[in-house]
Amino acid sequence: MQRHTTGRRGKPPRFSIAVPDSWFVLDTQAARSTAAIARMATERARGHPLLAGREPTVARILHDAATRAESAGAAYCAVMIEDVRGIGLSASVMVCVLPTDRHIPDLPRQERPASDDAEAGERRRWRRVGAVDLPAVGLATRTVRLEPQRSTDGAEISHLVMRTTVPVPGYDRIAVIACASPNTALAVALHDLFDAVTATFTFVHEMP
């Protein structure tokens, strides 16, 4: 696992989170550059022979993740891009620190289907809401749902999304750890992966 600490010293809240070594940690500012994205895609393909020749796809995934992270004002973003038995797998995690009043009030713990969409058909949308106890920060609110996300080329793709909301101690703010993947057929495995990544989240407390 590679651990990264984000935030400026003396400018709380600072936090730390770890992702698998194979993940990309994105500089969302640099990733706005087409040239920077192309370099990242080339480096990724060079290190993973199974991705050779798929640089345009890798670039699109990185660009989409960087665009979403920048739009959300994320302080951190990391991306997984793998090829397993010829199947492309991708996922991302981003962390946003927001004012508490931006937070949607907690909903009762339950699992229920949302209203069916005529075009969704078998892709029934659902949402699960509950509480989780993270090792380093304690009680947090978590939602797991399927939701459509629009890519930069205009395509709308259903994603499995896990959002975990953590109160920032001593501040009127929350940290939202959002994990997402379009590989919804692997929901169980993705849930375990997202849970493991989110469990590494911790705040960095500076000595006075």
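No other residue among Thr141, Thr165, Thr152 is part of a loop (DSSP other than H, G, I, E, B) and either crowded, with 17+ Cβ neighbours inside 10 Å or in contact with a helix residue (DSSP H, G or I) (Cβ under 9 Å, 6 or more places away or on another chain) (or both) apart from Thr152. Test Ile81 against the criterion of being modelled with pLDDT under 75 and either over 21 Å from Asp195 (Cβ atoms) or in contact with a helix residue (DSSP H, G or I) (Cβ under 7 Å, 6 or more places away or on another chain) (or both), and give yes or no. In short, no.
Within region 168-185, how many residues turn out to be assigned to a strand (DSSP E or B) and either farther than 16 Å from Val144 by Cα or without any contact (Cβ under 8 Å) to a residue 24 or more places away in the chain (or both)? Result for region 168-185: 3.
A quick yes/no check of all residues on (1) acidic (Asp, Glu); (2) at pLDDT below 90; (3) within 23 Å of His191 (Cα to Cα); (4) in a helix (DSSP H, G or I):
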position: Arg9; (1), (2), (3), (4): no, yes, no, no
position: Thr28; (1), (2), (3), (4): no, yes, no, no
position: Ala36; (1), (2), (3), (4): no, yes, no, yes
position: Glu43; (1), (2), (3), (4): yes, yes, no, yes
position: Arg46; (1), (2), (3), (4): no, yes, no, yes
position: Val58; (1), (2), (3), (4): no, yes, yes, yes
position: Val93; (1), (2), (3), (4): no, no, yes, no
position: Leu98; (1), (2), (3), (4): no, no, no, no
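Filter region 31-90 down to the residues that are touching a Pro at 6+ places or on another chain (Cβ under 8 Å), under 21 Å from Val161 (Cβ atoms) and small (Gly, Ala, Ser) and list them by number. Show your work before the answer.
Keep residues of region 31-90 that are touching a Pro at 6+ places or on another chain (Cβ under 8 Å), which gives 41, 80, 90.
This time we only want the ones that are under 21 Å from Val161 (Cβ atoms), so: 80, 90.
Scanning region 31-90 gives a single hit, Ser90.
If I filter region 35-51 down to residues being more than 15 Å from Asp83 (Cβ to Cβ) and in contact (Cβ under 8 Å) with a residue 12 or more places away in the chain, which single residue comes out as surrounded by the most Cβ atoms within 10 Å (Cβ to Cβ)?
Of region 35-51, the ones more than 15 Å from Asp83 (Cβ to Cβ) are 35-40, 42-43.
Within this subset, residues satisfying the condition of being in contact (Cβ under 8 Å) with a residue 12 or more places away in the chain are 37-38, 40, 42.
Working: Ile37: 21, Ala38: 16, Met40: 24, Thr42: 13.
Ranking the qualifying residues of region 35-51, first place goes to Met40.
Filtered by the rule that a residue be at pLDDT 95 or above and in contact with a Ser or Thr (Cβ under 7 Å, 6 or more places away or on another chain), region 191-208 gives Thr198, Thr202.
The values are calculated or read from the model by the stated rules, or taken from the named source; none is laboratory data. Since we're looking at a predicted model, the values are computed, not measured. Reconstructed Cβ throughout: ideal geometry from the backbone, glycine too, with neighbour counts over all protein chains shown.
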